Amino acid sequence: MKFLSFKINGTEQYGVFDDQSNEIMNLALLAKKDGSLPLTLIEGIKQGDSFISSVNQAIENLGNDRNTYLVNKDMIEWLSPIPHPIKNIMCVGKNYREHAIEMGSEADIPEHVMVFTKATTTVTGHLTTIQAHSEITNQLDYEGELAVVIGKKGKNISEEEALQYVFGYTILNDITARDLQSRHKQFFIGKSLDTSCPIGPWIVHHSAISSPNDLTITTKVNDEIRQNSNTKHFIFSIETIISTLSKGMTIEPGDIIATGTPSGVGKGFNPPKFLKKNDRIDISIEGIGTLTNKVQ
């Protein structure tokens, strides 16, 4: 199942994308008819596996009324699947060997999971605009990443149990102002400009992704392939990341974890290829889809 959030007629909704009809089943609207469904996606994520059963049953019960709850994807305003994260987005830095080297040298390959965060106000959705922020940066960069959405509360989680805490997977673009990152000697300011965290287009439930540590990931800028790798090249697996983050810290349903970007970021080229106004970024991950945004 592919869960997404969107606006239609100015109202926030959530639903599930139907690949066969290329339409969206509006679960927020259906919830008003079927009391077993939650009114928001985050409430559904908190329900765990019972949420999936409730969605399947509610759709099955529609019968001839099915079309009443279908929405054309061209009629919506895309939102991040979780439009209003409760916590900052947790991000893993330098999780691909070649990316660590392109940003410095082999000495920059981390021995332990490296974590920073992006402010919740950075979040935006598929097909939305990334602000160029040209008044404060001229080194805006892209980073295509697989993101994990946590589905169950936990603490001190073992690597063996870690994937049991995952609700699903999505795509995240960790937009970064490299000059701000360098100037302030840390990641937060350069990573937290408004609209610098496109997420989407949807969350694919974990049951549809058999091996999250072996997915092809590709980033294109104006159809030019810039990043082309596979999550099998992670330095730290998803299990290790979740286990590390949960040591002494509670993770909760709806938490978003970006797992790091492969080599090929704009700063890694000589000369650098930073983003410009009107550039289009397409990030595709096997089994999930494509996240598209344009710089304005």
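What does the net charge come to around residue 88 if you take all other residues with beta carbon closer than 12 Å to its beta carbon, with K and R at +1 and D and E at -1? Please report the intermediate quantities before stating the final value.
Values: positive: 87, 118, 191; negative: 255.
The answer is +2.
Just add up the charged neighbours of residue 109: K/R +1, D/E -1, any other residue whose Cβ is under 13 Å from the Cβ of residue 109.
-3
Rounded to two decimals, what ratio of Rg to Rh does segment 80-197 give with C-alpha atoms and a Kirkwood Rh? Please list the in-between numbers first.
Details: Rg = 15.3 Å, Rh = 15.6 Å.
Answer for segment 80-197: 0.98.
What list of ³J(HN,Hα) values in whole Hz, one per residue of segment 227-243 in order, does the Karplus curve 6.51 cos²θ - 1.76 cosθ + 1.60 (θ = phi - 60°) give from phi, with Gly and Pro shown as x?
10, 8, 8, 8, 5, 5, 8, 3, 6, 10, 5, 4, 4, 5, 4, 4, 4
Calculate, for residue 158 and residue 53, the FRET efficiency according to 1/(1 + (r/R0)^6) with r their C-beta to C-beta distance and R0 35 Å; round to the nearest 0.05.
The computed FRET efficiency comes out at 0.85.
Ranked by accessible surface with a 1.4 Å probe, highest first, in what order do 249, 25, 75 come?
75, 249, 25
Could you work out how far apart the two model spin labels at residue 86 and residue 269 are, taking each label as a point 7 Å from the Cα in the direction of the beta carbon, and quote it in nm?
That separation, rounded to one decimal, is 4.1 nm.
Can you give the angle from 0 to 90° between the axis of helix 49-60 and the longest principal axis of the chain, with both taken from C-alpha atoms, to the nearest 10?
Helix 49-60 sits roughly 50 degrees off the main axis of the chain.
Taking segment 1-55 on its own, what percent of its Cα-Cα pair distances exceed 14 Å?
When every Cα pair of segment 1-55 is considered, 50 percent fall beyond 14 Å.
May I ask you to give the average projected area over all directions of the convex hull of the Cα atoms of segment 121-186, in nm² rounded to one decimal? Spell out each step's value before the answer.
Working: hull surface 26.2 nm².
Hull-based average projected area comes out at 6.6 nm².
Check residue 279: other-chain or 5+ apart residues with amide H under 5 Å from its amide H, H built from backbone geometry?
HN-HN under 5 Å from residue 279: 295.
Would you kindly derive the ³J(HN,Hα) couplings of segment 115-122 from the backbone phi angles with the Karplus curve 6.51 cos²θ - 1.76 cosθ + 1.60 (θ = phi - 60°), listing them in order in whole Hz, with x for Gly and Pro?
3J(HN,Hα) across segment 115-122, in whole Hz: 10, 9, 10, 10, 5, 4, 6, 7.
Mind giving me the nanometre distance, one decimal, between the label points for residue 127 and residue 60, set 7 Å out from Cα along Cα→Cβ?
Result for the modelled spin labels: 3.1 nm.
Take segment 166-250, drop everything but the C-alpha atoms, weight them equally and run the Debye formula without solvent; then report log10 I(q)/I(0) at 0.13, 0.15 Å⁻¹ to two decimals.
-0.61, -0.81
Pop a pseudo-label 7 angstrom from the Cα along the beta-carbon direction at both residue 67 and residue 39 and give the gap in nm to one decimal.
3.0 nm
Please list, in chain and number order, the residues 5+ apart from residue 230 or on another chain whose amide H is under 5 Å from its amide H, with Hs placed from the backbone.
Amide H neighbours of residue 230: 217.
What longest region of the chain stays clear of GluC sites (Glu not before Pro) that DSSP places outside H, G, I, E and B and that have at most 11 other Cβ atoms within 10 Å? List each step's numbers first, then the result.
Values: sites that count: 111, 135.
Between exposed loop sites, the widest span is 136-296.
Using just the helices of the chain, give the 222 nm mean residue ellipticity in deg cm²/dmol: DSSP H runs with n ≥ 4 each add -39,500 (n - 2.57), and the total is spread over all residues, rounded to 500.
-4000 deg cm²/dmol
Rg (Å, one decimal) plus Dmax (Å, integer) for the alpha carbons of segment 155-296?
16.0, 45
Rounded to the nearest percent, how much of the accessible area of segment 1-146 (1.4 Å probe, protein heavy atoms only) is carbon and sulfur?
Values: 3220 of 7090 Å².
Solvent-exposed carbon and sulfur of segment 1-146 make up 45 percent of the total.
Just read off the accessible area of residue 188 with the full protein assembly in place, 1.4 Å probe, to the nearest 10 Å².
90 Å²
The values are calculated or read from the model by the stated rules, or taken from the named source; none is laboratory data. Every value quoted in this text rests on a predicted model; they were computed, and no experiment measured them. Cβ atoms come from the backbone with ideal geometry, glycine included; neighbour counts cover every protein chain shown. For the accessible areas, the whole protein counts, side chains as well, though only heavy atoms, and no ligand, DNA or RNA atoms are used. Shrake-Rupley method; radii C 1.70, N 1.55, O 1.52, S 1.80 Å.
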